[in-house]
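Only one structure is covered here, and it is reproduced in the block below.
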Amino acid sequence: MRVLPFPCIRPVPEHAAEVAALPYDVFDRAEAAAYVADRPLSFLNIDRPETQFPPEQDMYAPEVYARGADLLRERIDDGTYIADGNRSYYIYELTMDGRSQTGVVGVCAVDGYEDGTIKRHELTRAEKERDRIEHIRALGCQTGPIFLTYRDQPVLDIIIGAAKTATPLYDFTDDEGVRQTVWEIARPEAVEALHAMFEKVPCAYIADGHHRTASAVKVAQAMRDEAREAGTLTGKEPFNFFLAVLFPASQLTILPYNRVVADRAGLDADGLIERVRTAGFEVTPAESAVTPERAGVIGMYTDGRWWRLEPTEELTATAAAAGPVAALDVSMLQDHLIAPILGIEDVRGDPRISFVGGIRGIEELERRAGTEGVAFSMCATSIDQLLAVADAGLLMPPKSTWFEPKLRSGLFIHRIAK
C-alpha cells in the first residue's frame, strides 16, 4: 500500500503539550466550550470552531468554519505552528497505564480506500461527514489523523525501533495521563526504508475515524473533478492522500462499548428476565456488577440488580454459522434482545438507546439506567474479530469498538490546498 512522507504543519516543541487535543467527536458542544475556555492554544479551538461563538450560533454555518481557518492562520503567523517543508514520516508513540503503541504518521493514497486496500468495518452518517467536509474545505487541511492498523510486520518493527533511539521531537504527558512521544524521520535513507516496507504491506484497516476518512475521500474526489475539468490533474496533488497513523494490530487496545436503554419497553423486571431466557440466553443473578471477562458473557443491570447473560449453545452455534458479524456479542445482544424484546431496531437513530464507551465505568451504566432502564456491560470486541469482519467485506453494528488511547489532534496537519 502507498504510505508517503509529507510536509507537515506542526506545533513547535515548546507548545506541543498545549496544542494536543482529544478528537473533536469525543466532546459534546458544551464540553468543548468548557474545555477551551482556559486553553487558548488547544487545537480543539480550531477543530470545534463553534466554541468561538455564543451557544446559540449555528455550529455548521460558513462563518464558523471560516473562523477555524482564521485561527489556524493566526497560530502559524504567531509561531505556535511551523510549516515544515521536509517530506518526513513521524513515529508517534502513546503510552497509557504502562502500555505503549507505536505508529507511523504519513499520508495514505485515497485510491487505497477506493479500491479496498484500506478496509472499513463501519457505516458512516452523511450529516457527520458534512461537518468534516466543510472543515477540511475551509482550512484547506486535514487535521485529524485517521487511526489505521495493519497485521504485524517484523521488519517494520525493527525500522521503527531504530528510529526511536534518536532524540524525540515531542515528549510530554497530557491532561489524561497519556505520554505522547514523537520522532521525525527525515533522513533520506530512513524515509526510503519506511516507504519500501509499507509497499509490502498488503492492506490496512480503519480502526477509528471512519467519518474522517470518508470526508477526506469525498473532498479529494471533488477536488479531482475540479482539477480534471481544468486539465491540471496529475494524481500527485496533496488532496489525493489523507493523513493517517498506522499501528501494528498486536499493540492496540480495544475497550468495551456498553449500552443503555432508557426503559424496559413496558415490561417489569421479572417479565424482562423471562423474555431474555426465552430468547436463548442463560440468565444468572449476580452478587455484584458484571464486568464480562470473556466473549459470550454480557452483564445486564435493571431495577437495581445485575444479571449475567450467556447465550445458549444453540444460539451461539446459530450466530456463528451466520458469519463473523452475527457471532459478535454486540450483534447477538442487538439481534436477539435489544431489537425483539426492547423494540429498538435502529440503534443509530433511536433516542432510547445510548452508548457508554471506553474508560467510563460501571457506575456510569447504573446511573444512566436508573430505576426504569436497562444497562448492558460487554466484553470488548477483539482486534482479530475486527480484522475478520473487514476481510469479509462486512460491517459491524454501530459502536462495536472503543480504542484507547485516542490519537491527539493538532500535532500533525496535512495541507491539501493553498
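The values are calculated or read from the model by the stated rules, or taken from the named source; none is laboratory data. Everything numeric in this text was worked out from a predicted model, so none of it was measured. Please note: Cβ atoms are built from the backbone with ideal geometry, for glycine as well, and neighbour counts cover all protein chains shown.
What number goes with the only condition from (1) loosely packed, with under 13 Cβ neighbours inside 10 Å; (2) over 17 Å from VAL107 (Cβ atoms); (3) aliphatic (A, V, I, L, M) that ALA196 does not pass?
It fails just one condition, (2).
What pairs come out if I take residues in the stretch 73-92 that are more than 18 Å from HIS15 (Cα to Cα) and assigned by TED's automatic domain parsing to the domain that holds LEU41 and pair them with residues that are surrounded by 14 or more Cβ atoms within 10 Å (Cβ to Cβ) and among the polar types (S, T, N, Q) whose C-beta lies under 8 Å away, six or more apart or interchain?
If the second residue must be surrounded by 14 or more Cβ atoms within 10 Å (Cβ to Cβ) and among the polar types (S, T, N, Q), the pairs left are ILE91/THR102.
Can you say whether ALA193 is free of Cβ contacts under 8 Å to residues at least 24 places away in the same chain and in a helix (DSSP H, G or I), as far as the supplied structure shows?
no
Please verify whether VAL330 is in contact (Cβ under 8 Å) with a residue 24 or more places away in the chain, in a loop (DSSP other than H, G, I, E, B) and not basic (Lys, Arg), treating the condition exactly as stated.
Taking the combined requirement at face value, the residue does not satisfy it.
Does the stretch 51-70 contain at least one residue that is more than 30 Å from GLY235 (Cα to Cα), touching a residue at least 60 places away in the same chain (Cβ under 8 Å) and either of a type in the set (A, V, I, L, M, F, W, C) or touching a Phe, Trp or Tyr at 6+ places or on another chain (Cβ under 8 Å) (or both)?
no
The rows are residues; the columns are (1) in the same structural domain as GLU314 (by TED's automatic domain parsing); (2) over 15 Å from the mean Cα position of the chain (by Cα); (3) at pLDDT below 95.
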{"site": "ASP335", "(1), (2), (3)": "yes, yes, no"}
{"site": "ILE338", "(1), (2), (3)": "yes, yes, no"}
{"site": "GLY349", "(1), (2), (3)": "yes, yes, yes"}
{"site": "ARG352", "(1), (2), (3)": "yes, yes, no"}
{"site": "ILE362", "(1), (2), (3)": "yes, yes, yes"}
{"site": "GLY373", "(1), (2), (3)": "yes, yes, no"}
{"site": "LEU411", "(1), (2), (3)": "no, yes, no"}
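Which residues, counting only those in the stretch 155-190, are in contact with a Lys or Arg (Cβ under 7 Å, 6 or more places away or on another chain) and either within 12 Å of TYR90 (Cα to Cα) or surrounded by fewer than 12 Cβ atoms within 10 Å (Cβ to Cβ) (or both)?
Scanning the stretch 155-190 gives a single hit, TRP183.
Could you tell me how many of the residues in the stretch 36-50 are farther than 16 Å from ARG10 by Cα and surrounded by 19 or more Cβ atoms within 10 Å (Cβ to Cβ)?
Number satisfying all stated conditions: 4.
Only one residue in ILE76, ILE91, ILE82 is buried (at least 18 other Cβ atoms within 10 Å of the Cβ) and outside any loop (DSSP other than H, G, I, E, B), so which one is that?
Residue meeting the stated conditions: ILE91.
Exactly one condition in (1) assigned to a loop (DSSP other than H, G, I, E, B); (2) closer than 17 Å to PRO23 by Cα is not met by LEU148; state its number.
(1)
Just give me the residues in the stretch 281-323 being outside any helix (DSSP H, G or I), free of Cβ contacts under 8 Å to residues at least 60 places away in the same chain and over 15 Å from LEU365 (Cβ atoms), in sequence order.
Within the stretch 281-323, PHE281, GLU282, VAL283, THR284, PRO285, GLU287, GLU310, PRO311, THR312, ALA322 qualify.
Looking at (1) basic (Lys, Arg); (2) modelled with pLDDT under 95; (3) in a helix (DSSP H, G or I), which is the one condition that is false for ARG275?
(2)
Taking ILE118, is it touching a Gly at 6+ places or on another chain (Cβ under 9 Å), touching a residue at least 12 places away in the same chain (Cβ under 8 Å), assigned by TED's automatic domain parsing to the domain that holds PRO23 and under 24 Å from SER250 (Cβ atoms)?
The answer is yes for ILE118.
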